[in-house]
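Undergrad: Pasting a structure here, questions to come.
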Amino acid sequence: MKKVMFAVAAIALAFSANAMAQNVGDNSFYFVTYYSNNVSGAPDATLRFINDGSPGVNLYANIYVFDDSQELVACGACTITPDGILSEDVKTELTNNPLTGRIPSRGVIKVISSAFTTEGAAELIYGMHGWATHIERATPTSGAYATTEAPIADANFSDGEFDLLRNLCEYAGLLGSGQGTITCTQEDHDF
């Protein structure tokens, strides 16, 4: 009898812990992914984010695109309304206007979720979730490519990283003469 009661109590505790975990949600606001085979003849990779609606405000996907030499290629912020989706193509919207003048074939994309407070200041905020398609060579000798999709990883974040990304993007805007900006797709025009 004691074994049965212990098993029932353990199951009830497991269900209770699972229910609490489901109500917690994901409080990430910093994400990283990569892009590869961003070359002529290959399919276009896509970066997608949703605003889960939990903050109840517009979110901004602050996007920072780097090449494989760790140089900022482009940056910008795209709006996502509550329960909205943002879909950005790597070739045609994120790397088509590179700061360096050279379209990179591979690199890293960093995204920070933010919103504006009633005082007009930017605030880091959760509620954004993302996925990315990745373009991979099917075989080293063929010209064929395979496309996979995976959730975008949440990442460790520091004040130094945030300051660095903001400063790099600000300098790109000042020095780029129009180069180094991304193009944001309007919602309802994503697919």
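The values are calculated or read from the model by the stated rules, or taken from the named source; none is laboratory data. Owing to the predicted nature of the structure, the values given are computational and were not obtained by experimental measurement. Here the Cβ positions follow ideal geometry from the backbone for every residue, glycine too, while neighbour counts run over all protein chains shown.
Undergrad: Among the residues of the range 143-150, are any without any contact (Cβ under 8 Å) to a residue 40 or more places away in the chain, β-branched (Val, Ile, Thr), within 15 Å of Ala45 (Cα to Cα) and out of contact with any Leu (no Cβ under 9 Å at 6 or more places or on another chain)?
TA: Yes, there is a match, as at least one residue in the range 143-150 is without any contact (Cβ under 8 Å) to a residue 40 or more places away in the chain, β-branched (Val, Ile, Thr), within 15 Å of Ala45 (Cα to Cα) and out of contact with any Leu (no Cβ under 9 Å at 6 or more places or on another chain).
Undergrad: Is the range 63-70 home to any residue that is modelled with pLDDT of 95 or more, acidic (Asp, Glu) and surrounded by fewer than 18 Cβ atoms within 10 Å (Cβ to Cβ)?
TA: Yes, there is a match, as at least one residue in the range 63-70 is modelled with pLDDT of 95 or more, acidic (Asp, Glu) and surrounded by fewer than 18 Cβ atoms within 10 Å (Cβ to Cβ).
Undergrad: Quick one: which of Ile80, Ile50, Ile63, Ile109 is under 27 Å from Asn27 (Cβ atoms) and in contact with a His (Cβ under 6 Å, 6 or more places away or on another chain)? Before you say what the answer is, go through the steps one by one.
TA: Details: Ile80 fails: in contact with a His (Cβ under 6 Å, 6 or more places away or on another chain); Ile63 fails: in contact with a His (Cβ under 6 Å, 6 or more places away or on another chain); Ile109 fails: in contact with a His (Cβ under 6 Å, 6 or more places away or on another chain).
When all the criteria are applied, what remains is Ile50.
Undergrad: Do we find that Glu136 is over 19 Å from Leu47 (Cβ atoms) and modelled with pLDDT under 95 in this structure? I'd like the intermediate steps shown before the answer.
TA: Working: over 19 Å from Leu47 (Cβ atoms): no; modelled with pLDDT under 95: yes.
Here the answer is no, as Glu136 does not meet what is asked.
Let's see how each residue does on (1) in contact with a Gly (Cβ under 9 Å, 6 or more places away or on another chain); (2) without any contact (Cβ under 8 Å) to a residue 12 or more places away in the chain; (3) part of a helix (DSSP H, G or I); (4) surrounded by fewer than 16 Cβ atoms within 10 Å (Cβ to Cβ):
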{"position": "Ile109", "(1), (2), (3), (4)": "no, no, no, no"}
{"position": "Ile112", "(1), (2), (3), (4)": "no, no, no, no"}
{"position": "Thr118", "(1), (2), (3), (4)": "no, yes, no, yes"}
{"position": "Glu170", "(1), (2), (3), (4)": "no, yes, yes, yes"}
{"position": "Gly178", "(1), (2), (3), (4)": "no, no, no, yes"}
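Undergrad: Any residue in the range 130-151 that is acidic (Asp, Glu), closer than 21 Å to Tyr60 by Cα and loosely packed, with under 14 Cβ neighbours inside 10 Å? Walk me through how you get there before you give the answer.
TA: Applying the first criterion (acidic (Asp, Glu)) to the range 130-151 yields 136, 149.
Checking the rest, the ones that are also closer than 21 Å to Tyr60 by Cα come to none.
No, the conditions are met nowhere in the range 130-151.
Undergrad: When the residues of the range 71-102 are filtered to those that are in contact with a Lys or Arg (Cβ under 8 Å, 6 or more places away or on another chain) and either surrounded by fewer than 21 Cβ atoms within 10 Å (Cβ to Cβ) or of a type in the set (Ser, Thr, Tyr) (or both), which remaining residue is nearest to Gly127 (Cα to Cα)? Can you show your working first?
TA: First, the residues of the range 71-102 that are in contact with a Lys or Arg (Cβ under 8 Å, 6 or more places away or on another chain): 85-88.
Pick out the ones that are also either surrounded by fewer than 21 Cβ atoms within 10 Å (Cβ to Cβ) or of a type in the set (Ser, Thr, Tyr) (or both) and you get 85, 87.
Values: Ile85: 12, Ser87: 16 Å.
Filtering the range 71-102 for residues that are in contact with a Lys or Arg (Cβ under 8 Å, 6 or more places away or on another chain) and either surrounded by fewer than 21 Cβ atoms within 10 Å (Cβ to Cβ) or of a type in the set (Ser, Thr, Tyr) (or both), the one nearest to Gly127 (Cα to Cα) comes out as Ile85.
Undergrad: Follow-up. For Asp159, all conditions in the list (1) in contact (Cβ under 8 Å) with a residue 24 or more places away in the chain; (2) surrounded by fewer than 14 Cβ atoms within 10 Å (Cβ to Cβ) hold save one; what is the number of the exception?
TA: (1)
Undergrad: Inside the range 50-105, can you point out the residues that are touching a Cys at 6+ places or on another chain (Cβ under 9 Å) and of a type in the set (Ser, Thr, Tyr)?
TA: Within the range 50-105, Tyr60, Tyr64, Thr79 qualify.
Undergrad: Out of Glu161, Glu170, Glu123, Glu149, which single residue is within 16 Å of Gly76 (Cβ to Cβ) and of a type in the set (D, E, K, R)?
TA: Details: Glu161 fails: within 16 Å of Gly76 (Cβ to Cβ); Glu123 fails: within 16 Å of Gly76 (Cβ to Cβ); Glu149 fails: within 16 Å of Gly76 (Cβ to Cβ).
Answer to the selection: Glu170.
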